[in-house]
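Here the structure is laid out as structure tokens; the discussion comes afterwards.
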Amino acid sequence: MPVLPIVRLGHPALRTPARPVEPGRIREPEIQQLIDDMVDTMRDARGVGLAAPQIGVGFQVFVYASEGHPERHPDIPLRVVINPMITPHARELVYDWEGCLSIPDLRGMVPRHLAVRIQGMDRDGRPLDYVANDFEARIVQHEYDHLNGIIFLDRMRDLRTLGYLEEWNEHMAGQEGWDADDTAVG
Ligand code: NI
């Protein structure tokens, strides 16, 4: 299955709200192939999430998974989310580092809700309704933003925390015991 090119900041798809997938079309090969390609593309890029607009497709679809960093985050099994609606489940905002596959090599501090409720559909068209917490909640909010033409830079409260990965690793991450693999990059 093909790994697709990820579009970068400046591509209009990243600033265009995505449209819902007709529920009756979710099981069609075109959408199933899109989902498979998104999963492969996310894994190839070593991201923890990917939204369809990041491969230039204007559908409300995102995928995410986080595996292999148990020292920092519990594993998050692969999720496919279609036509989501996200509502805050905790009023509390938490700041943490994020990056974006469409804005390579930058990291910045982004406030997110500690928990969110996700309603939507899975890849079989079945309804989804669950609450995500902590790191998973951060990924979901990042990917959901992509479906609305919003990127993490728009959410930053202090652009002085923005840095290139190499410098960040050397000067910012180390101070707090973080490394690049711990950040939500999607
Ligand atoms: Ni992103």
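The values are calculated or read from the model by the stated rules, or taken from the named source; none is laboratory data. Just so it is clear, the model here is predicted, and its values are computed rather than measured. Neighbour counts are summed over all protein chains in view; Cβ atoms, including those assigned to glycine, are modelled from backbone coordinates with ideal geometry.
Brief remarks on what is shown
- Within the stretch 64-88, tally of residues that are within 16 Å of the ligand (Cβ to nearest atom), free of Cβ contacts under 8 Å to residues at least 60 places away in the same chain and touching a helix residue (DSSP H, G or I) at 6+ places or on another chain (Cβ under 7 Å): 1
- Subset tally (residues that are over 19 Å from R126 (Cα atoms) and in a helix (DSSP H, G or I)) for the stretch 1-27: 4
- With respect to the conditions (1) buried (at least 17 other Cβ atoms within 10 Å of the Cβ); (2) away from the ligand (no atom under 16 Å from the Cβ); (3) of a type in the set (D, E, K, R), D129 falls short on a single one, namely (1).
- Check on M121, modelled with pLDDT of 95 or more, buried (at least 18 other Cβ atoms within 10 Å of the Cβ) and away from the ligand (no atom under 16 Å from the Cβ): yes
- Residues in the stretch 52-80 that are assigned to a strand (DSSP E or B) and over 22 Å from V110 (Cα atoms): F59, V61, P77, L78, R79, V80.
- Boolean, V110 is crowded, with 16+ Cβ neighbours inside 10 Å, β-branched (V, I, T) and within 11 Å of the ligand (Cβ to nearest atom): yes
- Taking each residue of the stretch 147-169 that is over 28 Å from T16 (Cβ atoms) and looking for partners that are away from the ligand (no atom under 12 Å from the Cβ) and acidic (D, E) with beta-carbon atoms closer than 8 Å, six or more apart or interchain, yields E166/D105; N169/D179.
- The one condition in (1) more than 15 Å from the ligand (Cβ to nearest atom); (2) within 15 Å of the chain's Cα centre (by Cα) that R25 fails to fulfil: (2)
- In the stretch 46-76, residue nearest to A137 (Cα to Cα) [restricted to those that are of a type in the set (G, A, S) and surrounded by fewer than 18 Cβ atoms within 10 Å (Cβ to Cβ)]: G68
- Top-ranked residue of the stretch 43-70 - restricted to ones that are closer than 16 Å to I82 by Cα and aliphatic (A, V, I, L, M), ranked as farthest from the chain's Cα centre (by Cα): V57
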